[in-house]
Amino acid sequence: MDTMILEIMKEISVKTESRIVLIVLDGIGDLPNEGGKTPLEAATTPNLDRLAMNSALGLLDPIYPGITPGSGPGHLGLFGYNPLRYWIGRGVLSALGIGLEMGPNDVAARGNFCTIDESGKVVDRRAGRIPTELNAKLCEKISSAVKEIDGVKVVVRPEEEHRFVLLLSGQDLGPHVSDTDPQKTGLEPLAPQALDKDSEKTAKVVAKFVDIVKEVLKDEHPANMVLLRGFDKLPHIPSLQELYKLTPCAIASYPMYKGISRVVGMEVLKLEGHGELLEEKMTLFEENYDKYDYIFFHIKKTDSYGEDGNFDSKVHQIEAFDAVLPRILAKKPDVLVITGDHSTPCVLKSHSWHPVPVLLSAKYLRYDPCERFTEREALKGSLGRMYSMQLMPLMMAHAGKLKKYGA
Ligand code: ZN
């Protein structure tokens, strides 16, 4: 069904002047605290409340009821793709996220600097979260020691803190190589294994790479070794331009979200700072609003605070968003959606399977009794409960960008 829908979208979508804005408060869905309130319920949100009274609300299942999504699949759903069909490897997301160009023959992996003891066992999988500046220096040191292995070009680039990207370019590189990250301390890094015949050369190159790096880093502390995971190639995903004739852009600061945006064809607008800079993102939104007809606006902190179990800070982040909401409304987007890619309940300190509240503001809506943008209010909303991937056709329709299907 879902591939059929994409084919139909390609046929009935039209280019218009109307504009769609999708705001993703990462991990916004939550559970009640001891006081019986979720962060959305506890937050003081006059602007969101007013908007909710004039919008349609409902609940989204990011992937399938009961399935806890990662942020990657969670976003793919929001962008209209079936996350069970389309998969983007972690390495690819990281590589694209830091702006590395990937060709169809390239294989990327996500790396961690880690600490090993004299016996070679991992004692800290994140090397004490070394600062990004040290990470950059170590990446340079590795880069000057190894540029090519068996005719395969090797590129090593820093992400933030202890994370980096390994990009391999060459012929006959299959992407199916096992992680070297043992996921636990007290164990040695695992040897990279080819998971199919086509990936044997890749595994061999990776093994040689790891040996070289171990030697290069042996006198460093705490980052004296690396762990690799999420080997993958660029997937074949039809772009938003191709499917919906959109000119889409993304305002996101974390590498993974920038990566996934690029994979589906969005232009990622350049932020100067790192981390969560709501003010800078808002300025970028205002400056670029007229140039795009689909704007994806990502806020990460709601998820980070959920992961930390920090209820109060999640509430404050929601209130900070509420404070800038009038600036988004001032642009009068034809369709405005506010939702999340999954729930991250503070009591669980992790992502969860609970459905996520969604708010859709547009011109032609039916009666909807919701008075606030909360999990509880969304239960009685006119959108009911649907899959995240069903949101995209709905936004397109409300933006007047879909022709009638059939005569
Ligand atoms: Zn997320």
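The values are calculated or read from the model by the stated rules, or taken from the named source; none is laboratory data. Since we're looking at a predicted model, the values are computed, not measured. Cβ: placed from backbone, ideal geometry, glycine included. Neighbour counts: every protein chain shown. For accessibility, only protein heavy atoms count, side chains too; no ligands or nucleic acids. Shrake-Rupley method; radii C 1.70, N 1.55, O 1.52, S 1.80 Å.
Miscellaneous remarks
- Asp30 vs. criteria charged (D, E, K, R), touching a Cys at 6+ places or on another chain (Cβ under 7 Å) and surrounded by 20 or more Cβ atoms within 10 Å (Cβ to Cβ): yes
- Residue within region 339-360 that is more than 16 Å from the ligand (Cβ to nearest atom), under 30 Å from Thr247 (Cβ atoms) and part of a loop (DSSP other than H, G, I, E, B) present: no
- Listed by first and then second residue, the pairs with beta-carbon distance under 8 Å, at least 6 apart or on different chains, first residue in region 381-404 and free of Cβ contacts under 8 Å to residues at least 60 places away in the same chain, second part of a strand (DSSP E or B), are Leu394/Leu360.
- The residue list Glu371, Glu377 contains one member that is open to solvent by 60 Å² or more (accessible area, probe 1.4 Å) and either modelled with pLDDT of 95 or more or under 18 Å from Val24 (Cα atoms) (or both), which is Glu371.
- When restricted to residues that are within 13 Å of the ligand (Cβ to nearest atom), in contact with a Cys (Cβ under 6 Å, 6 or more places away or on another chain) and not small (Gly, Ala, Ser), region 291-311 contains 0.
- Sole exception among (1) within 16 Å of the ligand (Cβ to nearest atom); (2) among the basic types (Lys, Arg); (3) out of contact with any strand residue (DSSP E or B) (no Cβ under 9 Å at 6 or more places or on another chain) for Lys314, by number: (3)
- Scanning region 164-205 for residues that are among the charged types (D, E, K, R), part of a loop (DSSP other than H, G, I, E, B) and closer than 17 Å to Gly151 by Cβ returns a single hit, Asp172.
- Taking region 362-372 as the range and being in contact with a helix residue (DSSP H, G or I) (Cβ under 6 Å, 6 or more places away or on another chain) and not acidic (Asp, Glu) as the test, the residues that pass are Ala362, Cys370, Arg372.
- In region 103-124, residue least open to solvent (accessible area, probe 1.4 Å) [restricted to those that are assigned to a loop (DSSP other than H, G, I, E, B) and within 15 Å of Leu217 (Cβ to Cβ)]: Gly120
- Pair list, Cβ < 9 Å and 6+ apart or interchain, from region 127-149 residues that are within 28 Å of Gly186 (Cα to Cα) to residues that are loosely packed, with under 14 Cβ neighbours inside 10 Å: Ala127/His221; Thr132/His274
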